[in-house]
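Chemist: Below is one structure. I have some questions about it.
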Amino acid sequence: MDDQAAGSPQDARSVSVCYRHPDRETGIRCTRCERPICPACMVDASVGFQCPDCVRGGSGTGHPPTASVPRTIAGGTVAADPRLVTKILLGINLAVFLAVQIRPSLLSELYLIGEWPPAPFQATRGVADGEWYRLVTSMFTHEQIWHIGFNMLGLWWLGGMLEEALGRARYLALYLLSGLAGSALTYLLASGTTASLGASGAIFGLFGATAVLMRRRRYDMRPVVALLVINLIFTFGWNDIAWQAHIGGLVAGVVIGYAMVHAPRERRALVQYGTCALVLTVVVLLSLLRTAQLT
């Protein structure tokens, strides 16, 4: 008798299905609108569960669906592979390095240079002649094996930790803007005919952001400070090093890193991406100023 009752037409009609997933049976209903919801649609509320529509519409008191998603200290989404962007950046740098080794003539199209040939000749190449892309390509271009070796070690050691702490989008913004800041300051202060290349500006930006992050988490800062001091000694004590790129990247990294980890939760995205936009604006203004000087 019990088996027959369980399979009767009357029992079948009493089974509810999720209003968002009609193929899923459920016995749970939203505490606000009383529509049936499956476990995938349930959002914790102060009492019972609510459906996503009630939460998004502000009719309930539960948490939004994204509230349960793990977040980094900067508000980014926790990724399954916390080093994915770092690996991609490493791959791009290595690919460009190999391309330059195979075809050395490619180097002249990628490095950062203000104008060439110098005045009074008319410039035929360089940022001042409209080749603004060099501010970016020079960040991924290396000529010597020791240069790319040091930069990629720094990227791997610092990048993975920062990517995990900030999230992919914020970390990528930090890397690119630090590199651009280094390129812009080099373009502004170095001779227009001086060629510059390398990811050092971006790496120094990672140094600056790492120092800010470690101070925010109250970690022992002596190791990162010691590494930074050593790198600064090399910066100003070694010939043929574009110190402008190192300093520009470092300053940008500190500014962006501080905004990333200290932004108030209620205005986090506005402060973080607003700071990124401000740094990008400064980069553009410095580049325009130098272009006006050279032309």
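Chemist: Could you tell me which of the residues Gln101, Gln122 is over 26 Å from Leu286 (Cα atoms) and not charged (D, E, K, R)?
Modeler: Gln101 is the lone residue from the list that is over 26 Å from Leu286 (Cα atoms) and not charged (D, E, K, R).
Chemist: Would you pick out the residues in the range 78-134 that are farther than 29 Å from Leu188 by Cβ, hydrophobic (A, V, I, L, M, F, W, C) and not in a helix (DSSP H, G or I)?
Modeler: Within the range 78-134, Val78, Ala79, Ala80 qualify.
Chemist: Go through the range 209-241 and give me each residue that's surrounded by 16 or more Cβ atoms within 10 Å (Cβ to Cβ) and touching a residue at least 60 places away in the same chain (Cβ under 8 Å).
Modeler: If the condition is that a residue be surrounded by 16 or more Cβ atoms within 10 Å (Cβ to Cβ) and touching a residue at least 60 places away in the same chain (Cβ under 8 Å), then Leu213, Arg216 are the ones that fit.
Chemist: Looking at (1) surrounded by fewer than 20 Cβ atoms within 10 Å (Cβ to Cβ); (2) within 20 Å of Gly114 (Cβ to Cβ); (3) touching a Gly at 6+ places or on another chain (Cβ under 8 Å), which is the only condition Gln293 fails?
Modeler: (3)
Chemist: Check every one of the helices (runs of 4 or more DSSP H) wholly within the range 163-263 and list those with 3 or more residues that are assigned by TED's automatic domain parsing to the domain that holds Ala277 and within 14 Å of the chain's Cα centre (by Cα).
Modeler: Correct list: 168-189, 200-216, 243-262.
Chemist: Looking only at the range 105-115, decide whether some residue is more than 20 Å from the chain's Cα centre (by Cα) and among the β-branched types (Val, Ile, Thr).
Modeler: Yes, the conditions are met somewhere in the range 105-115.
Chemist: Against the definition (at pLDDT 95 or above, assigned by TED's automatic domain parsing to the domain that holds Leu112 and in a helix (DSSP H, G or I)), how does Val282 come out, yes or no?
Modeler: yes
The values are calculated or read from the model by the stated rules, or taken from the named source; none is laboratory data. It should be emphasised that the depicted structure is a prediction, and the values quoted were computed from it without experimental measurement. We place every Cβ from the backbone using ideal geometry, glycine too, and count neighbours over all the protein chains shown.
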